[in-house]
Amino acid sequence: MFPSMTERTLVIVKPEHFGLTDLLVEELAQHGTVVERAAVLAVHRDVVAEHYAVHRERPMIYERLVRQFEARPVAVVVYEGDSVIQKIRDAIGPTEPVQGLQHQLRRRWSDDTYEKAAAEDRALRNVVHASDSRESYEREYSVWEKFLCYPVFSLHPIRSFNVLHLSTKK
């Protein structure tokens, strides 16, 4: 018997693309994944700073990332499934949207470049953040865990009032 590759990954719909949350969450769930936990919230600077702590040694990028999120709505979603980290990474494409393929999520919803972002002194607008490894997921989940307190039984549309309806799994 082969070992199970079931794992979890954390995805954040970034503020500039928050209006696409329903579409993005649903699309990523089509890749053989299950939404396990989710939350919508306006993010405090301290939470974002902790999430992006790995970038502290690059102060300009770090500060831009923190500013991008601060006090703006985001959707934080935990997906679960076999090889889910790789499936989500393949679906979203490379960090810089213009480097992606046309069918990849970041490329479809953004044409941003590092050059444009730097010229405008802002973070790259690349639609979503997604964990890139099991270790990253564990670290990131520990940052967001207090907001992700209920497993998702059903994820209802959130367009009208930007609220995820959460309940426990049956």
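The values are calculated or read from the model by the stated rules, or taken from the named source; none is laboratory data. Owing to the predicted nature of the structure, the values given are computational and were not obtained by experimental measurement. Heads up, the Cβs are rebuilt from the backbone with ideal geometry, glycines too, and the neighbour counts pull from every protein chain shown. Note: accessible area is taken over every heavy atom of the protein model, side chains too, but ligands, DNA and RNA are not part of it. Shrake-Rupley method; radii C 1.70, N 1.55, O 1.52, S 1.80 Å.
Among residues of region 114-132 that are at negative phi, those with a Cβ under 8 angstrom from a residue that is in a loop (DSSP other than H, G, I, E, B) and of a type in the set (Lys, Arg), sequence gap 6+ or separate chain, pair up as Ala117/Arg125; Arg125/Lys14; Asn126/Lys14; Val128/Lys14; His129/Lys14. Residue-level check: of (1) farther than 22 Å from Phe18 by Cβ; (2) at pLDDT below 95; (3) under 13 Å from the mean Cα position of the chain (by Cα), Ile85 misses just (2). Of the residues making up region 22-39, just one is more than 23 Å from Ser133 (Cα to Cα) and either in contact (Cβ under 8 Å) with a residue 24 or more places away in the chain or of a type in the set (Val, Ile, Thr) (or both), namely Asp22. Taken residue by residue, region 96-108 has at least one member that is over 13 Å from the mean Cα position of the chain (by Cα) and among the hydrophobic types (A, V, I, L, M, F, W, C). When the residues of region 107-139 are filtered to those that are within 18 Å of Leu24 (Cα to Cα) and hydroxyl-bearing (Ser, Thr, Tyr), the one that is surrounded by the fewest Cβ atoms within 10 Å (Cβ to Cβ) is Ser110.
Taken over region 22-67, residues that are in contact with a helix residue (DSSP H, G or I) (Cβ under 9 Å, 6 or more places away or on another chain), open to solvent by less than 50 Å² (accessible area, probe 1.4 Å), closer than 26 Å to Gln104 by Cα and of a type in the set (A, V, I, L, M, F, W, C) amount to 10. State whether the residues of region 96-105 include one that is open to solvent by 80 Å² or more (accessible area, probe 1.4 Å) and under 22 Å from Val48 (Cβ atoms). Checked region 96-105: no residue is open to solvent by 80 Å² or more (accessible area, probe 1.4 Å) and under 22 Å from Val48 (Cβ atoms).
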